[in-house]
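S.K.: Before anything else, here's the structure in question.
We did not get these values from a lab; they are worked out from the coordinates using the rules stated. Treat the numbers as computed from the prediction; the structure is a model and nothing was measured. As a convention, Cβ positions derive from the backbone with ideal geometry for all residues, glycine included, and neighbour counts pool all protein chains shown.
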């Protein structure tokens, strides 16, 4: 995994601003975009470990606490 | 071991390792406070990242590489090797820990993401006097393991499974424990153990 700048925010607006202010990668490969949002992390961190994705900045948005996601009823989805 | 050259501070691999080992509890490699939420564009990303976390009701201040996963921070820096590294890719669940009461895969969580949070590992379940958590005792009573490698993750996950209210039937237990693999296939005994611990945990 390559080193990256890490930022964490609980505010959607500042997350978007941080993402927008990060320098753009010269290559057009979307896998090499210089900033990535970190939500669950199960895909991003896995790909970063494998060197597939190499962001220069990681913006942790786990603290956004999206109310609609919290309202999902997994039990009903699994058993109804 | 001691060299007598007069060229500034002596930073050999050996004394670096010794320093790291001696400072597992409270590592302070930086003399300035953590730069939380600062636009971290100027600083070198290789600089240590300072996290302050509560692990099993003890405070830990760790200055670690920003790439360090929570699992590596626990095992290599906090000295809590109970959480196991199985696949390191989030497939086996052996590394499951609780962050603010929610179970997470510590191998796919950055330690930096848990700054200021409350972490519970398998080491934090038993009481101070050594009395086992009802779930730990239930795993022993029901032989809910063979090799035991997945067990720390299974137990932490099982405690959360009961706390979430997902241990009402065998089907829900199996569904909500499905993130924890056991290659010894002790699943029937794990389900039995969770059923036993559930009643004790509710009584407690």
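S.K.: Label-point separation (nm) for residue B:89 and residue B:202, each offset 7 Å from Cα along Cα-to-Cβ?
M.R.: In this crude label model, residue B:89 to residue B:202 measures out at 4.0 nm.
S.K.: Using the number of other C-beta atoms within 10 angstrom as an exposure proxy, rank A:22, B:106 with the fewest first.
M.R.: The fewest-first ordering by Cβ neighbours comes to A:22, B:106.
S.K.: Within 10 Å of each residue's Cβ, count the other Cβ atoms and sort B:74, A:45, A:50, B:132 from fewest upward.
M.R.: Lowest count first: A:50, B:132, A:45, B:74.
S.K.: Given points 7 Å out from each Cα along the Cα-Cβ axis, report the residue B:76 to residue B:169 separation in nanometres with one decimal.
M.R.: 4.5
S.K.: If a/c stays under 1.5 just call it rounded; otherwise compare a/b with b/c (prolate if a/b is bigger, oblate if not). Do that for segment B:79-162, with a ≥ b ≥ c from the square roots of the Cα gyration tensor eigenvalues.
M.R.: Oblate.
S.K.: Take residue B:146 and residue B:118, extend 7 Å from each Cα along the Cα→Cβ direction, and tell me the distance between the two endpoints in nm.
M.R.: 3.9
S.K.: For Cα pairs less than 8 Å apart in space and 6+ apart in sequence, what is the mean separation divided by the residue count of segment B:55-204, i.e. the relative contact order in percent?
M.R.: Computed value for segment B:55-204: 25 percent relative contact order.
S.K.: Now for a separate question. Just want the ordering: B:83, A:34, from fewest to most Cβ atoms lying within 10 Å of their own Cβ.
M.R.: Starting with the residue having the fewest Cβ neighbours, the order is A:34, B:83.
S.K.: Still on this structure, please answer the following. So if we plug the beta-carbon distance of residue A:10 and residue B:131 into 1/(1 + (r/R0)^6) with R0 = 35 Å, what FRET efficiency do we get, rounded to 0.05?
M.R.: 0.40
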